[in-house]
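So the structure is just underneath, and the comments pick up after that.
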Amino acid sequence: MAAGARGRVGEFGLIARYFRPLASDPGTFALTDDAARFRPKAGEELVVTTDLLAEGVHFLAEDAAASIARKALRVNLSDLAAKGADPAGYLLAIALPKDWTEDWVRKFANGLKGDQDTYGIALLGGDTSRAAGGLTIVITAIGHLPKGRMVRRKGARPGDLVFVSGTVGDAALGLRLRLGSIDGAPAGKGAKHLLDRYLHPQPRTRLAPVLRRFATSALDVSDGLVGDLGHICEESGVAATIEAAAVPLSRPATALVATDPSALVTVLTGGDDYEILSTVPPRSADAYAAAATAAGVPVTRIGTVTRGKAPPRVVGADGKDLELASQSWDHFGKG
């Protein structure tokens, strides 16, 4: 953001000029009241999720305003998708640093508008404030699904097969590429792909109805593939094994793993992919994979749920367990 506050619109003018146009649902009252009214359809229930994004932790200060907006919204849509919910709307709370500009807010709002059109949702309300430090964004997303059909972390059973959508590790490798902390970094299209996956998550919203039909448990991969599967294991009272060679990789990620051994650890534990990790009974595995492909979100089997209560094992191509210093990202450093 460029410095200087001269001539900037005030808080209420900011809301009216940049955020009111995003509030197309009649229940928002054009953001003129203290709250919005939202009513689910008959036979449906709501799913609510929230994520906070802080400058220097979830994005860099120099990231484009529209990219920050898209990431903030999409990580929430990813949570809804993993629960089998279709997105309906969202609330936005944003604390702007002292050097904010109207041009930055306009670009941020335009980023939200583009994704609203893509995912068929609208802003329902929120709040604006001045930040004591860096830019902070909180989005609360609301989804809907048939009553009793939410897919939880708890529900995996021994014998279930473990699936993941898309490719894994691109976002974490993209961040390492950006920070210059990886050897043999790709250039051209390969680098662009990894950086885009870090900047612009792809919420798998089209997979939501498929998960409702087949999955016994699911979540999105935000903190790391191994660690997030560990959350499923812990809540379900089971263990699991991941076959490292089966984890789906993009071409740039495959090339990096071949040249830099640390890249595989990043793939397995780095996070920020926002792909859907799910467990499915063996009898439904083929139908699940076919339905996912038909929905435009291919899935890959990467492991098996087993008996016991333990963190997931990761087995290498040689059949030996891989030793990982940490299974996932932790904001408070516990690993």
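Here Arg204, Arg176, Arg153 are screened, and the one residue that is touching a residue at least 60 places away in the same chain (Cβ under 8 Å), under 13 Å from the mean Cα position of the chain (by Cα) and surrounded by 18 or more Cβ atoms within 10 Å (Cβ to Cβ) is Arg204. Would you please name the residue that is modelled with the lowest pLDDT, looking only at residues in the range 179-199 that are closer than 24 Å to Leu53 by Cβ and open to solvent by 30 Å² or more (accessible area, probe 1.4 Å)? The qualifying residue modelled with the lowest pLDDT is Ser181.
Mind checking which residues of the range 217-247 are open to solvent by 20 Å² or more (accessible area, probe 1.4 Å) and either in contact with a strand residue (DSSP E or B) (Cβ under 8 Å, 6 or more places away or on another chain) or not acidic (Asp, Glu) (or both)?
Scanning the range 217-247 gives Ser222, His231, Glu235, Ser236, Gly237, Thr241, Glu243, Ala245, Ala246.
Of all the criteria given as (1) under 19 Å from Arg178 (Cβ atoms); (2) under 13 Å from the mean Cα position of the chain (by Cα), the one not satisfied by Leu52 is (1). Per the listing Thr293, Thr269, Thr279, the residue uniquely surrounded by fewer than 23 Cβ atoms within 10 Å (Cβ to Cβ) and on the phi < 0 side of the Ramachandran plot is Thr293. Regarding Val75, is this residue within 17 Å of Pro209 (Cβ to Cβ) and not in a strand (DSSP E or B)? So Val75 does not fit the description; no.
For Val47, are the conditions met, namely being in a helix (DSSP H, G or I) and surrounded by 17 or more Cβ atoms within 10 Å (Cβ to Cβ)? No, not satisfied.
If I ask for residues that are open to solvent by less than 50 Å² (accessible area, probe 1.4 Å) and on the phi < 0 side of the Ramachandran plot, which ones from the range 16-39 would you list? Of everything in the range 16-39, those that are open to solvent by less than 50 Å² (accessible area, probe 1.4 Å) and on the phi < 0 side of the Ramachandran plot turn out to be Ala16, Tyr18, Phe19, Leu22, Ala23, Gly27, Thr28, Ala36.
Looking across the range 96-113 at every residue that is assigned to a helix (DSSP H, G or I) and not charged (D, E, K, R), the one that is most open to solvent (accessible area, probe 1.4 Å) is identified as Asn110.
Check whether at least one residue in the range 124-135 is within 19 Å of the chain's Cα centre (by Cα), modelled with pLDDT of 95 or more and closer than 30 Å to Val267 by Cβ, and report yes or no. Within the range 124-135 (the criterion being within 19 Å of the chain's Cα centre (by Cα), modelled with pLDDT of 95 or more and closer than 30 Å to Val267 by Cβ), the answer is no, since none of the residues qualifies. Ser78 meets each of the listed conditions (1) farther than 22 Å from Asp223 by Cβ; (2) touching a residue at least 60 places away in the same chain (Cβ under 8 Å); (3) under 24 Å from the mean Cα position of the chain (by Cα) apart from (1). If you go through the range 56-92 and keep only what is modelled with pLDDT of 95 or more and either open to solvent by 40 Å² or more (accessible area, probe 1.4 Å) or among the basic types (Lys, Arg) (or both), you end up with Ala64, Arg70, Lys71, Arg74, Lys83, Asp86, Leu91.
The values are calculated or read from the model by the stated rules, or taken from the named source; none is laboratory data. Please read all numbers here as calculations on a predicted model, not as lab measurements. Cβ: placed from backbone, ideal geometry, glycine included. Neighbour counts: every protein chain shown. Protein only, heavy atoms only, side chains kept; ligands, DNA and RNA dropped before computing areas. Shrake-Rupley method; radii C 1.70, N 1.55, O 1.52, S 1.80 Å.
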